[in-house]
Amino acid sequence: MAGSLAASAFFPGPGASLAASAKTSKNMAGELPDNLSVRGIVAKPGAPSGNMQVKAQAQALPKVNGTKHNHKNASADKEEAMPYSAPKTFYNQLPDWSMLLAAVTTIFLAAEKQWTLLDWKPKKPDMLVDTFGFGRIIQDGLVFRQNFLIRSYEIGADRTASVETLMNHLQETALNHVKTAGLLGDGFGATPEMSKRNLIWVVSKIQLLVEQYPSWGDMVQVDTWVAAAGKNGMRRDWHVRDYNSGRTILRATSVWVMMNKNTRRLSKMPDEVRAEIGPYFNGRSAITDEQSEKLAKPGSTVDGDAAKQFIRKGLTPRWGDLDVNQHVNNVKYIGWILESAPISILEKHELASMTLDYRKECGRDSVLQSLTTVAGECVDGHPDSTIQCDHLLQLESGADIVKAHTEWRPKRAHGGEGNMGFFPAESA
């Protein structure tokens, strides 16, 4: 419609002759005749609808050798009625300027309508960045918050997200926190001062408490912050909630130290690095009852009960298990630890808490074995009891990689959207 109006304004057809006549019907004083409205339409009541009466005035006199000659008789100065049989439509009743104005107005109204349809901003301004999963810094710059939607490929056989999925969310928010704060250097989470000195972060301990597991389609909200841990370490905490209900899903705390990327040795924290991250330190703790006792080595007893040991050998890292620092990602260790857990625990219990003590990094060519020690009654037909396990992930040569302690509770019922697997066709 806008294009039609604009075209009519610049290329008037036969129906525009009336508008052209009306435009030239002003008198010498620049005023319209009495029987014309401001739109150039005959305002005389009772005028026939088929033939409109239009005022005609004399044309400008041509010049011949500089002298004006009047080729019309004296009666040309008088107004005379001219019949016009063009159909009465909206187009041929508007002067040129009105048609151009209508075209421009229509274009702007159409553009405004399209802009309204594309106005995707949510009602809550603070939700804008998390709509796309970017995250944002809150609470006076001391806490970073990011939302995650649980995908179908992140859930397991019990229809809930795995602990590895949740741990990946923790790692992602940690890196995005550094990036959003403007402290990301060339390394994997390293600050600019750390990059100058070839220093990287490595985790030495993680403790997490899981209160519930999200399901497919749930939105989780992750808050993370940092604090000092001794003279040379940094603590990072997380609090994960269900976005809709606000209920706590997971709380976690961790301790990180610095390692020289070239020598692979631990390093003290330089004063320049402390000056970078110090303004972001937050004294708040996600877990107040941290497990500080020394983790038991698999093979010992748990609470004086007889223990049974399970071993899984021949574990080797794949290329995809390495991070940009060329060692195995810390989340991968969790999967290896659970490789040796008995299937009876995994089927009837869910992980309630886990403490991991990282002893040594693991490279691409390493060959590992996973050992799990559990209390005797957990495998003897008592699925309703709480289970404690001690784990050890070590090189087959004998060096310890990770020590861990886990607690398991009876699995809760979870609703689902139906089995995602395939069923054999029923026989006729």
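The values are calculated or read from the model by the stated rules, or taken from the named source; none is laboratory data. Predicted model, so just to flag it, every value in this text is computed and none were measured. Cβ placement follows ideal geometry from the backbone for every residue including glycine, while neighbour counts extend to all protein chains displayed.
Can you confirm whether region 191-199 contains a residue that is polar (S, T, N, Q), out of contact with any Leu (no Cβ under 7 Å at 6 or more places or on another chain), at pLDDT 95 or above and assigned by TED's automatic domain parsing to the domain that holds Thr248? Before the answer, list the steps.
As a first pass, look at region 191-199 and keep what is polar (S, T, N, Q): 191, 195, 198.
Narrowing further to those that are out of contact with any Leu (no Cβ under 7 Å at 6 or more places or on another chain): 195, 198.
Still in the running and at pLDDT 95 or above: none.
Checking region 191-199: not a single residue is polar (S, T, N, Q), out of contact with any Leu (no Cβ under 7 Å at 6 or more places or on another chain), at pLDDT 95 or above and assigned by TED's automatic domain parsing to the domain that holds Thr248.
Which residues, taken from region 380-415, are at pLDDT below 85 and of a type in the set (Lys, Arg)?
Selection gives Arg412 alone.
Of all residues in region 353-372 being among the hydroxyl-bearing types (Ser, Thr, Tyr) and modelled with pLDDT under 95, which is surrounded by the most Cβ atoms within 10 Å (Cβ to Cβ)?
Ranking the candidates gives Tyr358 first.
Hand me the list of strands (runs of 3 or more DSSP E) wholly inside region 200-296 holding 2 or more residues that are among the polar types (S, T, N, Q), closer than 26 Å to Gln388 by Cα and assigned by TED's automatic domain parsing to the domain that holds Ser162.
Correct list: 248-260.
Given (1) in a helix (DSSP H, G or I); (2) touching a strand residue (DSSP E or B) at 6+ places or on another chain (Cβ under 6 Å); (3) modelled with pLDDT under 95, identify the lone condition not met by His169.
Among (1) in a helix (DSSP H, G or I); (2) touching a strand residue (DSSP E or B) at 6+ places or on another chain (Cβ under 6 Å); (3) modelled with pLDDT under 95, His169 violates only (3).
Kindly provide the set of residues from region 320-368 that are touching a helix residue (DSSP H, G or I) at 6+ places or on another chain (Cβ under 8 Å) and assigned to a helix (DSSP H, G or I), ordered by number.
Asp321, Asn330, Val331, Lys332, Ile334, Gly335, Leu338, Ser344, Ile345, Leu346
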